[in-house]
Amino acid sequence: MVKLSVIVPFYNVQTYAPDTLRSLSANARADFEFVLVDDCSTDGTPEILQRAERELPGAVLIRHERNGGLATARNTGLDAAGGEYLTFLDGDDWLAPGHFEHLLDAMEDLGCDFVRTDHVQCTGRSRSIHRVPVGRRGEVLRPRDSILPSSRSTAVDYPYAWAGMYHRRLVDRGLLHFTHGLRTAEDRPWIWRLHREADSFAVISHLGIFYRRGIASSLTQIGDIRQLDFIKAFDQVIEETAKDADAENLLPKAVRTYCAVISHHLGSIERYEPAVARKLRTMSAAALKRMPQDVLNEAIDSMDADRASRLRKVRRRPAPLSAEAAA
């Protein structure tokens with residue numbers, strides 16, 4: 001039986017894929033499988049993955065006929081995975097040897113639905129440690145208890161799917177798949193759903209994953225229309241959280257986080273193509289109008305002057321003339 005399935009989407013990462021695959025090889029075990037999903041790459045990535053299929057123990061290669069984005073590629077991997085436990089890696093990141101065994105030992109010792117772990121962010125030659133914003137380590141916790149407070153960073157603000165490991169029962173409960181087609185912020189509805197609906201989790205202090213930032217081909221560095229999917233993602237967070245039995249307490253956190261992300265994008269609007277920048281302003285204004293207005297007022301009032309001013313300015317924009325303009 002497969003103990004662990006590792007789902008790794010790749011898209012046009014020929015420069016970095018060899019490092020990723022070498023690190024997977026250093027984490028291989030007879031009962032591990034590596035589900036490699038080529039999201040219709042157009043560079044040299046397919047040839048690298050075909051070689052890995054032959055040489056990497058436990059490798060399973062799946063190729064998309066058309067590009068679907070990270071969320072869809074991860075879902076393809078989840079549907080093909082057979083492991084009792086599951087985890088993720090992106091095709092341009094890498095791992096320390098023994099990383100998966102360390103997480104798996106923690107999962108089996110603690111018996112929880114999922115574990116979360118710290119990571120090392122790599123930007124060029126710079127390295128910085130990013131920690132899960134949960135203070136209690138190595139003990140089983142209730143996931144929804146780590147959503148609040150609204151006023152500071154919490155577990156739902158650390159959405160990285162690859163920074164953890166997950167039991168198959170989460171797949172069976174419909175909690176581990178991503179929203180199909182989201183091109184960015186796909187992990188935001190995902191992490192909120194996990195923390196609202198899973199029964200147990202734990203945070204462990206371990207640095208075994210290296211997250212590559214600042215890559216020119218990365219979607220986070222490209223100011224095109226795909227970036228605006230963060231609005232669809234956070235609309236989903238608001239909609240689903242509003243249906244929760246504890247919505248009155250949880251919505252202020254969801255709204256404040258949504259506002260902070262809108263403000264972040266507006267604050268770096270110069271990196272967008274002009275037409276996309278205009279759409280960003282229009283869609284942000286429409287998003288603010290869709291939020292519960294009393295909760296929105298409190299969220300904006302709680303923010304620093306720069307972010308609050310930016311949000312109030314875009315909030316005053318007239319509503320779009322059609323639903324299409326806000327979509």
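The values are calculated or read from the model by the stated rules, or taken from the named source; none is laboratory data. Since this is a predicted model, take the numbers as computed values, not measurements. Using ideal geometry, Cβ is built from the backbone for each residue, glycine included, and neighbour counts are taken over all protein chains shown.
Key figures for this structure:
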{"read-out": "Number of the exception - Ser41 against (1) more than 18 Å from Thr76 (Cα to Cα); (2) assigned to a loop (DSSP other than H, G, I, E, B); (3) in contact with a Phe, Trp or Tyr (Cβ under 8 Å, 6 or more places away or on another chain)", "value": "(1)"}
{"read-out": "Count of residues meeting criterion [of a type in the set (A, V, I, L, M), more than 12 Å from Ala73 (Cβ to Cβ) and in contact with a Lys or Arg (Cβ under 7 Å, 6 or more places away or on another chain)] in the stretch 172-189", "value": "1"}
{"read-out": "Matching residues in the stretch 80-91 - criterion: being farther than 18 Å from Leu49 by Cβ and surrounded by fewer than 20 Cβ atoms within 10 Å (Cβ to Cβ)", "value": "Gly82, Glu84"}
{"read-out": "Residue check for Gly69: under 15 Å from the mean Cα position of the chain (by Cα), assigned by TED's automatic domain parsing to the domain that holds Leu21 and of a type outside the set (Val, Ile, Thr)", "value": "yes"}
{"read-out": "Residue in the stretch 53-71 that is in contact (Cβ under 8 Å) with a residue 40 or more places away in the chain and crowded, with 23+ Cβ neighbours inside 10 Å present", "value": "yes"}
{"read-out": "Conditions (1) over 25 Å from Lys313 (Cα atoms); (2) without any contact (Cβ under 8 Å) to a residue 12 or more places away in the chain: number failed by Glu239", "value": "(1)"}
{"read-out": "Any hit, the stretch 51-66, residues being closer than 30 Å to Asp157 by Cβ, under 23 Å from the mean Cα position of the chain (by Cα), at pLDDT 95 or above and aliphatic (A, V, I, L, M)", "value": "no"}
{"read-out": "Those strands (runs of 3 or more DSSP E) lying entirely in the stretch 96-205 with at least 1 residues of a type in the set (Val, Ile, Thr), in contact (Cβ under 8 Å) with a residue 12 or more places away in the chain and buried (at least 20 other Cβ atoms within 10 Å of the Cβ)", "value": "114-117, 201-204"}
